[in-house]
Amino acid sequence: MIVRIVKLTFQEEYINDFITISKESKELIRNFEGVKKLELLRCSTNGNVFFTHSHWESEDALEKYRQSELFKSTWAKTKPLFSEKAEAWSNFKLF
């Protein structure tokens, strides 16, 4: 199992746009083959910072998603809203 954490920092004026994009795409992503869990978290000390926390069956499943039209279209809408480059970590779940 892969646990993916992505840090996203947004320009303040685009936060509501990002939340709307996330609400519109969350079920599509959750239903993508290989996804076991998807959460969106907002930093408690900096409201411009969000994290996606997702669980994947395998690295292959995550890569298939990253190559999908769903990811590409969602990312194309989200990326222009950033104030900083996104950071991502893929982790193996130990327990």
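The values are calculated or read from the model by the stated rules, or taken from the named source; none is laboratory data. Source: prediction; values computed, not measured. When we count neighbours, we look across all protein chains shown, and the Cβ atoms used for this are built from the backbone with ideal geometry, even at glycine. Heavy atoms of the whole protein, side chains included, go into the accessibility calculation; ligands, DNA and RNA do not. Shrake-Rupley method; radii C 1.70, N 1.55, O 1.52, S 1.80 Å.
One table, with the values for the structure above:
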item: Positions within the range 54-64 being of a type in the set (S, T, N, Q) and either surrounded by 12 or more Cβ atoms within 10 Å (Cβ to Cβ) or under 13 Å from the mean Cα position of the chain (by Cα) (or both), in sequence order; result: Ser54
item: Top-ranked residue of the range 18-44 - restricted to ones that are open to solvent by 90 Å² or more (accessible area, probe 1.4 Å) and not in a helix (DSSP H, G or I), ranked as nearest to Asp60 (Cα to Cα); result: Glu33
item: Conditions (1) open to solvent by 30 Å² or more (accessible area, probe 1.4 Å); (2) within 17 Å of Lys72 (Cβ to Cβ); (3) hydrophobic (A, V, I, L, M, F, W, C); (4) within 11 Å of the chain's Cα centre (by Cα): number failed by Phe51; result: (2)
item: Residue check for Glu57: within 20 Å of Asn91 (Cα to Cα) and of a type in the set (D, E, K, R); result: yes
item: Candidate set: the range 4-13, residues that are surrounded by fewer than 17 Cβ atoms within 10 Å (Cβ to Cβ) and of a type outside the set (S, T, N, Q); chosen: the one farthest from Glu84 (Cα to Cα); result: Ile5
item: Tally, over the range 65-92, of residues that are open to solvent by less than 50 Å² (accessible area, probe 1.4 Å) and not small (Gly, Ala, Ser); result: 7
item: Any pair with Cβ under 6 angstrom, 6 or more apart, that starts in the range 49-68 at a residue that is in contact (Cβ under 8 Å) with a residue 60 or more places away in the chain and ends at one that is of a type outside the set (Val, Ile, Thr); result: Leu62/Trp56
